[in-house]
1. Mind checking which pairs have a first residue in the stretch 8-36 that is in a helix (DSSP H, G or I) and a second that is among the basic types (Lys, Arg), Cβ under 6 Å, 6 or more apart or different chains?
2. Of the residues in the stretch 1-58, how many are within 26 Å of VAL82 (Cβ to Cβ), at pLDDT below 80, among the charged types (D, E, K, R) and loosely packed, with under 11 Cβ neighbours inside 10 Å?
3. Could you say whether any residue in the stretch 51-59 is more than 29 Å from LYS11 (Cα to Cα) and free of Cβ contacts under 8 Å to residues at least 40 places away in the same chain?
4. Taking interchain pairs and intrachain pairs at least six residues apart, which have beta carbon atoms under 8 angstrom, with the first residue in the stretch 71-92 and not assigned by TED's automatic domain parsing to the domain that holds ARG60 and the second in a helix (DSSP H, G or I)?
5. Only one residue in LEU61, LEU6 is among the hydrophobic types (A, V, I, L, M, F, W, C), at negative phi and touching a Ser or Thr at 6+ places or on another chain (Cβ under 8 Å), so which one is that?
Amino acid sequence: MPATDLLHGDKGYDSAAVRRKIEEAGVAPNIPPRAYKRWKNCFSPYLYRNRNVIERMFGRLKDFRRIATRYDRSATNFMAAVQIAATVSYWL
């Protein structure tokens, strides 16, 4: 059972191979079609709006230099730094 039902991606991931891999994993891709494509795949702009929230969250986290450059060697310390940065950025 996949952890998610829907995967949002930008136009750079609009290829048959990428879509096939996503669908083989049991996840529905929600990727906007490129302008030059004749056959447009199924795409929901309403659901795609949620992607903006995710992009803003990563932008806020990357404001912290320690997160953006990944100074920590161990995954545990890096995850702790991400959690502290998320707490500080959303608390203020």
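1. Every condition considered, the pairs that remain are LYS11/ARG34.
2. 1
3. No, the stretch 51-59 contains no residue that is more than 29 Å from LYS11 (Cα to Cα) and free of Cβ contacts under 8 Å to residues at least 40 places away in the same chain.
4. If the second residue must be in a helix (DSSP H, G or I), no pairs are left.
5. Matching residue, one of LEU61, LEU6: LEU61.
The values are calculated or read from the model by the stated rules, or taken from the named source; none is laboratory data. Only a predicted model underlies this, so the values are computations on that prediction, with no experimental measurement involved. Don't worry about glycine lacking a Cβ; one is built from the backbone with ideal geometry, like all the others, and counts go over all protein chains shown.
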